[in-house]
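The values are calculated or read from the model by the stated rules, or taken from the named source; none is laboratory data. Every value quoted in this text rests on a predicted model; they were computed, and no experiment measured them. Here the Cβ positions follow ideal geometry from the backbone for every residue, glycine too, while neighbour counts run over all protein chains shown.
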Amino acid sequence: MTKFPGLLAAAMMMTPLAAQADTTIVFNNFLGPTDGLYTDIIQPWLSDIEAETEGRVTFHVPEASLAPPPELLTMVQQGIADGGFIMTGFLEGSNPLLQISLLPSVNASAMAGSIASWRTYENHLSQVETLEGVELLGLLTLSPGSFYSMNDTEFDDISDFQGVKFWALPGLASRSLSALGAVVSPGPAVRMYEVISGGVVDAYCCLDFSGLAAFNVTQFTKSATELPNGLYSGSFAFYIGSDIWDTIAPEDQAIIRGLSGEALARRMIISEAEGEADRAAFIASGGKVHQASDELVAALADAWAPIYQDWTDAADAAGIDGAAALAYYREQVALIAAGN
């Protein structure tokens, strides 16, 4: 939505920014109002844009989501909202290369994965992997989660996954577990409590320790087996509709870009401290945490080789060097995790 301050704009026409109308962006949020990603990352980001543009760009966040999770990009493309974000897993059919951060065991932390996602997009993917009708502003990756069990099972050998009933998110997470011989019951996160509390499965994945608390499944979880780079990290793409983006003055567009991309990704360091606190709370409550052996990590990498190859093949088919892009992503994660 855009309002044109008429006489005021004419009176200030000597000011470059005044030639453009002030812009209010209806920005959709599908998370709960107390969700950490919204309160600690998204809300401050939007507030900083408003402050840095001195109110020329403002945001209105509806009290409830204007569309279900799979339709959050289409919603903006159709003009129902002006901006928002979506889990990239919902874009696998239209944007397969954006699935890079969802590949198994590629993210050391939320910030490392988020920065690596943005750098890889800018340096390798952006020419071929675009979101039609929107201006992509950021790619955020959550802290990686590994394997969680409702009993004392520790996954020491790849054979330990054979026949184990797992809950997982659909897509790459489910395929990664199936590649290990697990029996997977895929489903949306909103149904995981029902599945786990009902004893339908023996184990699950896809969340960090903060996620266990958020979805109220810690009470059913007795042990966790951790991988150096986790198993799976949820990922989100952030965007503003192209039509409303074009109403924003170039100077303010530059401000927004400066606060987005890698700058937005770096905000994810906040979630790392929260994750460590929730991990400590899990242990204090009696939960056991087991570190995967080097032998298991190597065996998992071998089992997942076809999954990595599928991604690189898709990238090659799109016209970029898939192996180089994936290697670059891994390199960036390692550099950021090491503090570089």
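Things worth noting here:
- Qualifying residue in the range 221-238 (condition: among the aromatic types (Phe, Trp, Tyr), assigned to a helix (DSSP H, G or I) and in contact (Cβ under 8 Å) with a residue 12 or more places away in the chain): no
- Candidate set from the range 287-339 (those that are β-branched (Val, Ile, Thr) and under 21 Å from the mean Cα position of the chain (by Cα)); member that is nearest to Leu231 (Cα to Cα): Ile307
- When every residue of the range 261-272 is checked against the conditions, at least one turns out to be surrounded by fewer than 19 Cβ atoms within 10 Å (Cβ to Cβ), within 17 Å of Leu136 (Cα to Cα) and of a type in the set (Asp, Glu).
- Here the condition is being touching a strand residue (DSSP E or B) at 6+ places or on another chain (Cβ under 9 Å) and farther than 25 Å from Val289 by Cβ; of Leu97, Leu136, Leu142, it holds for Leu136 alone.
- Residues that are at pLDDT below 95, closer than 25 Å to Ile283 by Cα and among the polar types (S, T, N, Q) do occur in the range 151-170.
- Considering residues of the range 32-59 that are part of a loop (DSSP other than H, G, I, E, B) and modelled with pLDDT under 95 only, the residue farthest from Leu73 (Cα to Cα): Thr34
- Single residue of Leu31, Leu102 found to be under 30 Å from Ala325 (Cα atoms) and touching a helix residue (DSSP H, G or I) at 6+ places or on another chain (Cβ under 6 Å): Leu102
- Unmet criterion (only one of (1) among the hydroxyl-bearing types (Ser, Thr, Tyr); (2) buried (at least 17 other Cβ atoms within 10 Å of the Cβ); (3) more than 19 Å from Ser176 (Cα to Cα)) for Tyr308: (3)
- Strands (runs of 3 or more DSSP E) lying entirely in the range 118-205 (those with 3 or more residues that are under 19 Å from the mean Cα position of the chain (by Cα)): 134-141
- The lone exception for Ser235 - which of (1) more than 13 Å from Ala110 (Cα to Cα); (2) touching a helix residue (DSSP H, G or I) at 6+ places or on another chain (Cβ under 8 Å); (3) not aliphatic (A, V, I, L, M) it fails: (1)
- Here Ser146 passes the criteria (1) among the hydroxyl-bearing types (Ser, Thr, Tyr); (2) surrounded by fewer than 19 Cβ atoms within 10 Å (Cβ to Cβ); (3) under 20 Å from Gly36 (Cβ atoms) except the one numbered (2).
- Pick from the range 98-134, criterion surrounded by fewer than 21 Cβ atoms within 10 Å (Cβ to Cβ) and touching an Asp or Glu at 6+ places or on another chain (Cβ under 9 Å), ranking: farthest from Asp40 (Cα to Cα): Gly133
- Among the candidates Arg257, Arg191, residue that is of a type in the set (Lys, Arg) and outside the structural domain of Gly138 (by TED's automatic domain parsing): Arg191
- Residue within the range 20-31 that is out of contact with any Leu (no Cβ under 8 Å at 6 or more places or on another chain), modelled with pLDDT under 95 and among the aliphatic types (A, V, I, L, M) present: yes
- Given (1) surrounded by fewer than 18 Cβ atoms within 10 Å (Cβ to Cβ); (2) assigned by TED's automatic domain parsing to the domain that holds Ile307, number of the condition Glu251 does not satisfy: (2)
- Members of the range 45-75 that are surrounded by 14 or more Cβ atoms within 10 Å (Cβ to Cβ) and either in contact with an Asp or Glu (Cβ under 7 Å, 6 or more places away or on another chain) or within 18 Å of Ala263 (Cβ to Cβ) (or both): Trp45, Leu46, Asp48, Ile49, Glu50, Glu52, Thr53, Arg56, Val57, Thr58, Phe59
- Residue list for the range 82-96, filter: of a type in the set (A, V, I, L, M, F, W, C), surrounded by fewer than 22 Cβ atoms within 10 Å (Cβ to Cβ) and touching a residue at least 24 places away in the same chain (Cβ under 8 Å): Met87, Leu91
- All of Ala189, Ala173 fail the test of being among the hydrophobic types (A, V, I, L, M, F, W, C) and in contact with a Cys (Cβ under 6 Å, 6 or more places away or on another chain), apart from Ala173.
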